[in-house]
Structure formats: structure tokens, C-alpha cells
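The values are calculated or read from the model by the stated rules, or taken from the named source; none is laboratory data. As the structure is a computational prediction, the values presented were derived from the model and not from experiment. Note that each Cβ is placed from the backbone with ideal geometry, even for glycine, and that neighbours are counted across all protein chains shown. To get the accessible areas, we keep the full protein, side chains included, count just its heavy atoms, and leave off ligands, DNA and RNA. Shrake-Rupley method; radii C 1.70, N 1.55, O 1.52, S 1.80 Å.
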Amino acid sequence: MPGLLGKKIGMTSVFGADGKNVPCTVIEAGPCVVTQVKTIEKDGYEAVQLGFQEAKEKKTSKPMMGHFKKASTTPKKHLAEFKFDEKYSLGDTITVEIFNEAGFVDVVGTSKGHGFQGVVKRHGFGGVGETTHGQDDRARKPGAIGACSYPAKVFKGMRMGGHMGGDRVTTQNLKVLKVIPEHNLILVKGSVAGHNGSTVLVQM
């Protein structure tokens, strides 16, 4: 599906046509440069690789510098592939204007990391007041996690404490409220995974 790489700016709110205050997320989408065009003959599928945000040459490897040189563009920090119906050539620039006619978009981001968390915060366990499943004197512990004699093991997928956040999250069907081409901005209704300044993918 067609789309662009972008950066989450933050959240705000706008007034709709009915006078209601609508919460929205501001995303800086593009401009993105076409750094590679993949074809069925050469790669087995059709796609367009886009580059977003400038990168320093000293932090870019020599193979990647040659890759960007073929597209006659400067080094980019982020690369991603999208499938477009239109045909693009190396070095073409795609802007946020492709979303002018889009009613809804999907946004892919990385959720905020919360480090190691217990079962109450990570999975919503009851905590204080619950005394079932062997949990009688510890307020925020999980309680019993296995069987007594059979099968005498803890099943995979048991909800426990552990690393929380830092996951790839796709928020689907976000309504496009406004596109501001002069500032490369798109406003979508609702929230998007990730902290302010994080890289996101906006897809139609």
C-alpha cells in the first residue's frame, strides 16, 4: 500500500465542522526521496524504497553512500518500502500531498518503552484485595503459575512480569482531519503509538 515515512510531532486538538473539539496527532510526513525502485524482473516484486530525514556522511557506511549516490540524493536516516500504483524514478520526491484525497490512514509506530514491569501494570492483574490462586499476602504478585502434579510445568505464554513497551504497533483507520502541504504536516484523529519525535509509517 502507498505511504510515507514521517515523524510524530505531538498531540493537539481541532474544532470540527459540528463545533466539537477533536483530539488529533500531528505528523510530519515526508518529503521522502525515492532511493530504489524494485521490479518483478530483478527483485521478484514491485515496490518503491523511500528515504526520510538527512543523515551525516560520516555516520553512513560506504555501501550505503553508493546506494544513495545512484539515486543522486544525500544520505538518509530511515528507509522503508511502499507499493505505489504510480510509477516513480530514482531521485523523485514524494510529499504529503498524496494524502489529500485519503479519508483514512494506518499509522505504524514503536510504543513507548516502560522497562521491566510487574503483572499489575503489564497485564492489569487485580492486585490489592484479590486473594485467589495462592495470592494471599503479597499485594502485587501474580500468585500461583503452574499445576500441582500434572503436567508439572509452567505453560508457555503465561502472563508474568517482564519487559513492557517498545513494540511495533499499527493503529488502523485513523481519520485524516487536515493536510498542510506547505509544512509537510498531516493531522489524524486520535493517538498514535510512540513518543514525540519518533519515526512512524503513514499508509493508505
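To the nearest Å, what is the center-to-center distance of the stretch 71-96 and the stretch 159-199, using C-alpha atoms only? Between the Cα centres of the stretch 71-96 and the stretch 159-199 lies a distance of 21 Å.
Taking the average, over residues, of other Cβ atoms within 10 Å as the packing measure, peptides 192-199, 29-36 rank 29-36, 192-199 from highest down.
Show that you can apply the helix-only estimate: for the chain, add -39,500 (n - 2.57) for every DSSP H stretch of four or more residues, divide by all residues, and state [θ] at 222 nm to the nearest 500. It comes out at -2000 deg cm²/dmol, rounded to the nearest 500. In order along the stretch 116-125, phi translates into HN-Hα couplings of 7, 10, x, 6, 5, 7, 6, 10, x, 5 Hz, rounded to whole numbers, per the Karplus curve 6.51 cos²θ - 1.76 cosθ + 1.60 with θ = phi - 60° and x for Gly and Pro. Just flag the chymotrypsin sites (Phe, Trp or Tyr not before Pro) in the stretch 1-56 sitting in loop per DSSP whose Cβ has no more than 12 other Cβ atoms within 10 Å. Filter output for the stretch 1-56: 45. Can you return the lysines within cross-link range of residue 141? Criterion is Cα-Cα under 26 Å, with same-chain partners fewer than 8 residues away left out. Correct list for residue 141: 112, 121, 153, 156. On the chain, 51 percent of the accessible area sits on carbon and sulfur atoms, based on a 1.4 Å probe. Of the whole protein surface, residue 86 contributes about 110 Å² of accessible area at a 1.4 Å probe radius. Which ³J(HN,Hα) values, rounded to whole Hz and listed in residue order, are derived for the stretch 163-178 from phi using the Karplus coefficients 6.51, -1.76 and 1.60 in 6.51 cos²θ - 1.76 cosθ + 1.60 with θ = phi - 60°, glycine and proline given as x? Running phi through 6.51 cos²θ - 1.76 cosθ + 1.60 with θ = phi - 60° gives 5, 10, x, x, 9, 6, 10, 10, 9, 9, 6, 8, 6, 7, 8, 6 Hz.
Based on C-alpha pairs under 8 angstrom that are at least 6 apart in sequence, the stretch 28-182 has a relative contact order of 24 percent. For residue 145, the accessible surface of its heavy atoms amounts to roughly 70 Å² (probe 1.4 Å, protein chains only, rounded to the nearest 10). Phi angles of the stretch 100-107 translate, via the Karplus equation with coefficients 6.51, -1.76, 1.60 and θ = phi - 60°, into HN-Hα couplings of 4, 9, 7, x, 9, 9, 9, 10 Hz per residue; Gly and Pro are given as x.
Aspartates and glutamates within cross-link reach of residue 69: Cα-Cα under 16 Å, excluding same-chain residues under 8 positions apart? Of all the aspartates and glutamates, those that pass the test against residue 69 - Cα under 16 Å, at least 8 places apart if same chain - are 54, 57, 92.
Heavy-atom accessible area with a 1.4 Å probe sorts 159, 168, largest first, into 168, 159.
Accessible area per residue for the chain, computed on protein heavy atoms with a 1.4 Å probe, is 63 Å². Between the entries (1) 16.3, 51; (2) 22.9, 68; (3) 16.9, 56, the label attached to Rg and Dmax of the Cα atoms in Å calculated for this structure is (2).
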